[in-house]
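Here is the structure we will look at.
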Amino acid sequence: MNKISLIGAGNIGTILAYSIARKNLGDIVLVDVVDGLAEGKCLDLGQSLPIDKLNLKILGTDDISKIHDSDVIIITAGIARKPGMSRDDLIETNFKIMQNIGIAIKDFSPNSFVICITNPLDAMVWALKEISGLKKNSIIGMAGILDSSRFKYFLGKELNIAFENIQTIVLGGHGDTMVPLLDYTTISGIPIKNFIDNKRISLEKINQIIERTRNGGGEVVSLLKDSSAFYSPACSAVEMLESYIFDQRKILPCSAYLQGEYGVSDLFVGVPVIIGRKGIEEIIELDLTDDIHKEFNKSVNSVDNLVKKCKKLLV
Ligand code: TXD
């Protein structure tokens, strides 16, 4: 069985542990700094195993050294947004947490495939790579699958078409500057342009959906008040996890370390990648129109500004 360590036993970590157990994806180590939190949740989760005839090993602990020799590590440790907060407001607190975790990965589990979820995502995954020393194909950020799924959800509801028929990609940083790609949006292989030309949906409505996608996280936070989204982020990370452990080689929009691709260097930015058992096996470069490239570059700049803050915190 794969060893899957989850660092952070909060909202997303809990759904991750439950989903991984139900899918029997591997033995689970759940880590949290709050006394008894991971232990209590794992005791309860363990007691559900006999009901579904599952026999995986589950350990809840506050001792991060238990992540040793993990096949996969998924990180949700950190504070989440409250209403009125931007993802960027989390940077100082969550950077310090990434520092501690990066050192632990380096010391106890340097050969893992690491999926970071903690916000501000593109900056936190950059910090983790910097501190842990992981190779660029072994560390990735989860955001684009969630953002693309939000776009598919709103579009599917508007068109009254099955979500599974909608293909799309969201590029760029995980924030208000993310770039949903209409040119690469199809419904059962039919370009979305056909639906606009046939007046099944207006461009104005699509732009409203793009805006709602950009604010998708904030909309949930404003309703929940003291937490942010957790079901859809957890499901997004599980899709990445399965592509890795089963060597599915799926093309997925994820935050990956770029070294010249899309004209970007030394930053993690949301782009289409192939995830297989070797980790990030390929970064796929798309042709972008000048307008979209401008939007993409704006998003890259917002990531770069956050990474600059991390570089100052590093010293
Ligand atoms: O698409 C995306 N990437 C985003 C990510 C989607 C939604 C949420 N996004 C971010 O994920 C969110 O802004 C947070 O930064 C993380 C985790 O969100 P979650 O909702 O799970 O936060 P919680 O419920 O506050 O859980 C965080 C847990 C909490 O139990 C802390 O005690 C624990 O992290 N924590 C730690 N665990 C281990 N080690 C350390 N150092 C640590 N510090 C805090």
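The values are calculated or read from the model by the stated rules, or taken from the named source; none is laboratory data. Fair warning: this is a prediction, and the values are worked out from it, not measured in the lab. All Cβ positions, glycine included, derive from the backbone under ideal geometry; neighbour counts span all protein chains shown. What goes into the accessible areas is simple: the full protein's heavy atoms, side chains included, and nothing from ligands, DNA or RNA. Shrake-Rupley method; radii C 1.70, N 1.55, O 1.52, S 1.80 Å.
Place a +1 charge on the Cβ of each Lys and Arg in the range 157-244 and a -1 charge on the Cβ of each Asp and Glu, then give the dipole magnitude about the Cα centre in debye, rounded to the nearest 20.
Around 280 debye, computed over the range 157-244.
Running Debye on the range 60-103 with equal point scatterers at the Cα sites and no solvent, what base-10 log of I(q)/I(0) appears at q = 0.17, 0.23 Å⁻¹? So the normalised log intensities work out to -0.59, -0.88.
Expressed as a whole percent, the accessible area of the chain that falls on carbon and sulfur atoms is 51 (1.4 Å probe). Span-like helix check, the chain: qualifying full DSSP H segments, with Cα axial length of 20 Å or more and mean Kyte-Doolittle of -0.5 or more, are 91-108, 144-159, 231-245. So how far, in whole Å, is the C-alpha centre of the range 191-205 from the one of the range 52-86? Between the Cα centres of the range 191-205 and the range 52-86 lies a distance of 42 Å. Using the Cα coordinates of the range 96-175, the gyration tensor eigenvalues translate into equivalent-ellipsoid semi-axes of 33, 12, 9 Å, sorted from longest to shortest.
Of the peptides 299-307, 143-151, the ranking by mean beta-carbon count within 10 Å, highest at the top, reads 143-151, 299-307. Computed about its Cα centre, the charge dipole of the range 1-97 is approximately 340 debye, with only Lys, Arg, Asp and Glu carrying charge at their Cβ. Just to check, using Stokes-Einstein with a Kirkwood Rh over alpha carbon pairs, what's the diffusion coefficient of the range 43-165 at 10 °C and 1.306 mPa s in µm²/s? D = 95 µm²/s. Amide H contacts of Ile58 (H built 1.01 Å from N, in plane; Pro and chain starts excluded): Ile28 sit under 5 Å, all sequence-distant by 5 or more or on other chains. Computed about its Cα centre, the charge dipole of the range 31-71 is approximately 220 debye, with only Lys, Arg, Asp and Glu carrying charge at their Cβ. Taking only the C-alpha atoms of the chain, Rg followed by Dmax gives 19.1, 59 Å. Taking every protein chain into account, the accessible area of the range 171-315 amounts to 50 square angstrom per residue (probe 1.4 Å). Based on protein heavy atoms only, the range 59-118 ends up with 42 Å² per residue of surface accessible to a 1.4 Å probe. Under the rule a/c < 1.5 gives rounded, and otherwise a/b versus b/c splits prolate from oblate, where does the range 240-315 land using the Cα gyration tensor? Oblate. At q = 0.22, 0.31 Å⁻¹, what is the base-10 log of I(q)/I(0) for the range 126-172 according to the Debye formula with one equal point scatterer per Cα and no solvent? Please give it to two decimals. Evaluating at q = 0.22, 0.31 Å⁻¹ gives log10 I(q)/I(0) of -0.74, -1.07.
Please give the calculated 222 nm ellipticity per residue for the chain, where each DSSP H segment of at least 4 residues contributes -39500 (n - 2.57) and the sum is spread over every residue; nearest 500 deg cm²/dmol?
-13500 deg cm²/dmol
Between amide H atoms placed 1.01 Å from N, distances below 5 Å from Leu6 occur with Val29, Leu30, Val31, Ile74, all of them 5 or more places distant or on a separate chain. Using the Karplus relation 6.51 cos²θ - 1.76 cosθ + 1.60 with θ = phi - 60°, the per-residue 3J(HN,Hα) values for the range 24-36 come to 6, 7, x, 6, 10, 10, 10, 10, 8, 7, 6, 3, x Hz, with x marking Gly and Pro.
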